[in-house]
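Reading through the structure tokens given below for one structure.
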Amino acid sequence: MPSYQLSKSTFMQGLQCDKRLYLYKHQRGLMDPISTEQQAVFDRGKAVGKLAQQLFPGGIDASPPHHFQMLEAVETTRRLIEMGHPIIYEATFLFEGVIAALDILVRNQAGWWGYEVKSSGKVNGTYITDAAIQYYVIRGSGLMLQDMRLIHLNRDYVRGKDLEIRRLFVSQSVLEPIEKILPLLPEEIARQKALLLSAEPPETPIGLHCTDPYPCSFMGHCWKSVPAYSVFDISGIQRYQALKWYQKGIQTPDHPELPLDQLNDKQQIQIAAARSQTPQIQQPELTAFVENMEFPLHFLEFRCINPAIPLFPGTRPYQNLPFLFSLHLQEKPGSAAQHFDFLADPAADPRQQWLEQLLLAVGTSGDILVQDIRLCHKILTDLQQTFPSLAPELNQMILRLKDLMMPFREAWYYHPAMCGKITPHSVFSALVPEYASYLENSQKVHLPTLFLQKLSGTFTGDWEKACRDIKQDAEVHSFAMLKIIEKITLNLYPSVDVNGQ
Ligand code: SF4
């Protein structure tokens, strides 16, 4: 009875880290739980792979009924080839104890060609190595592949009324770079197999390999002794630099031996906050930011979906399509805020309705504060092209955008509880801790995924409740933005009554 010790994906894990391979094979219970966002990425990959099968219609699927029955797929593939089937999906092969499934196997006039589908927009070195192990196993098992190709999405494709599969995907031969990798594989396969026979996991220390090429799924286990706030969290630090300090025992940002002369000005502000445990304020810059704000202030929180496969005419793969906003409007300093929100109907392209409602909510004057100004700018610019009749209003809106994160990114205001992370979530948690638990919970649910599921008909659950949760989450975020501005204003002018009393 044939068996296998490695698969394509475990081999790739072994290339990243010996310990990762060992733990995955022998102590899988130590893996970090999969987040909703990661699961959405896996699901997206599957959906793109399935769609790419339409490039070669009429194929037979050789996948086993269960992931643990891969050997059955090897047998099915062998039979399908013998029977003369020219197109096989999930064709699976075994050679030297390595099993590898290929997305699409096609026999054309030139012979057999292998296709592996990637949901990204371009080919990278990891994909080529991944294809090399597939090619090695398939050829080794006796099928003379004439070409090995990667199929990926064409990011420039703009969908018309219908999806044109042949324009959506691009296929590229990777045979030439694969040939350079092939001679290295037998030794590496033997090395990984020997490693798996060991009674104990290898003592691989943590390092740069933990996130390269992918974040490892055992970081929760291996990094548990790294302090919750460590030198790896110094904002903008090169990971190799943080690793060098960590290995020398300089593990936290407040460590007295941390060499300040190797840090830039913003990083030094972060260290000063960690050592003094007090907020660091660059008074002139922060004052200028606050005084330049133009009322009425609009605190805008918005969310987008970015489907890999364009769902609507005029959209590209991974284009950001806004579907939700929450806006708090404050007429003057200290006045009570009005709230507006919008959640699109998940039955159609959400953009036009989103835009029309937003234009009503933002009016014609005052700053519009956003957490991600680049994304917002990009979305509004895209919308200008899609809805040229609204281009002048959109242009005015773009001119009114203000970056809420600027004071934090520039370290004009740095709070020690931000722990080096310059993200909306870290700023909210540090400055408006009264919302921290709510914000923490909202991190666990990926709202765009829910909306996308509803749009594509895969959502299961109570949609009305989901809508309430989605809107409430956005409302808390836009309100937290308002609170942040109040907090930094209070720090500058402690006597100002931000509650308007
Ligand atoms: S966390 Fe790092 S050391 Fe641990 S298994 Fe993963 S890559 Fe290896």
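Restricting to DSSP loop positions (anything but H, G, I, E, B) with no more than 15 other Cβ atoms inside 10 Å of their own Cβ, which trypsin sites (Lys or Arg not before Pro) remain in region 193-295?
Values: sites: LYS193, LYS224, ARG239, LYS244, LYS248, LYS266, ARG275; in loops: LYS224, LYS248.
Those satisfying the criteria are LYS224, LYS248.
What list of ³J(HN,Hα) values in whole Hz, one per residue of region 115-120 in order, does the Karplus curve 6.51 cos²θ - 1.76 cosθ + 1.60 (θ = phi - 60°) give from phi, with Gly and Pro shown as x?
Whole-Hz 3J(HN,Hα) from phi for region 115-120: 10, 10, 9, 10, 8, 8.
Under 18 Å from a point 7 Å along the Cα-to-Cβ line of ARG239: which residues of region 15-38 have their amide N that close?
Label zone hits: 15-21, 32, 38.
Taking the 0 to 90 degree range and rounding to the nearest ten, how far is the long axis of helix 36-52 tilted relative to the main principal axis of the chain, both from C-alpha atoms?
Helix 36-52 sits roughly 50 degrees off the main axis of the chain.
Among THR458, ALA411, GLN385, whose Cα projects farthest towards the positive end of the dipole of region 284-492, with charges put on the beta-carbon of Lys, Arg (+1) and Asp, Glu (-1)?
THR458
Percent antiparallel among DSSP beta bridges with both residues in the chain, to the nearest 5?
Of those bridges, close to 70 percent are antiparallel.
Tell me the angle of helix 391-400 to the major Cα principal axis of the chain, expressed in degrees between 0 and 90 and rounded to the nearest ten.
The answer is roughly 70 degrees.
Around THR315, under 10 Å between beta carbons, what's the net of Lys plus Arg minus Asp minus Glu among the other residues?
For residues surrounding THR315, the net value is +1.
Add +1 for every Lys or Arg and -1 for every Asp or Glu among the other residues with Cβ under 14 Å from the Cβ of HIS26, and state the total.
With Lys, Arg at +1 and Asp, Glu at -1, the net is +3.
I need the calculated FRET efficiency for the pair ILE165 and ALA110, taking r as the beta carbon distance and R₀ as 22 Å, to the nearest 0.05.
After rounding to 0.05, the efficiency reads 0.50.
Give me the accessible area per residue for region 284-492, probe 1.4 Å, as a whole number in Å².
43 Å²
Compute the length gained on full extension between GLN472 and GLU285: take 0.36 nm times their separation in residues and subtract their Cα-Cα distance, giving the result in nm to one decimal.
Gain on stretching GLN472 to GLU285: 64.0 nm.
Would you please give the FRET efficiency between GLN385 and ASP43, computed as 1/(1 + (r/R0)^6) with r the Cβ-Cβ distance and R0 = 30 Å, to the nearest 0.05?
0.50
Report the label-to-label distance for ASP254 and HIS66 in nanometres (one decimal), using points 7 Å from each Cα along the Cα→Cβ vector.
Rounded to a tenth, the inter-label distance reads 5.2 nm.
By how many degrees, between 0 and 90 and to the nearest 10, does the Cα long axis of helix 70-82 differ from the longest principal axis of the chain?
Taking Cα atoms only, the helix is inclined about 50 degrees.
Anything over 21 Å Cα to Cα? Flag those among LYS332/LYS487; LYS8/LYS46; LYS332/LYS402; LYS421/LYS465; LYS25/LYS118; LYS193/LYS244, in the order listed.
LYS421/LYS465; LYS25/LYS118; LYS193/LYS244
How much accessible surface does PHE387 have with a 1.4 Å probe, in Å² rounded to 10?
Solvent-accessible area, nearest 10 Å²: 30 Å².
The values are calculated or read from the model by the stated rules, or taken from the named source; none is laboratory data. Predicted model, so just to flag it, every value in this text is computed and none were measured. Cβ coordinates were reconstructed from backbone atoms using ideal geometry, including for glycine residues, and neighbour counts include every protein chain displayed. The protein model used for the area step is the full one, side chains on, heavy atoms only, and it has no ligands, DNA or RNA in it. Shrake-Rupley method; radii C 1.70, N 1.55, O 1.52, S 1.80 Å.
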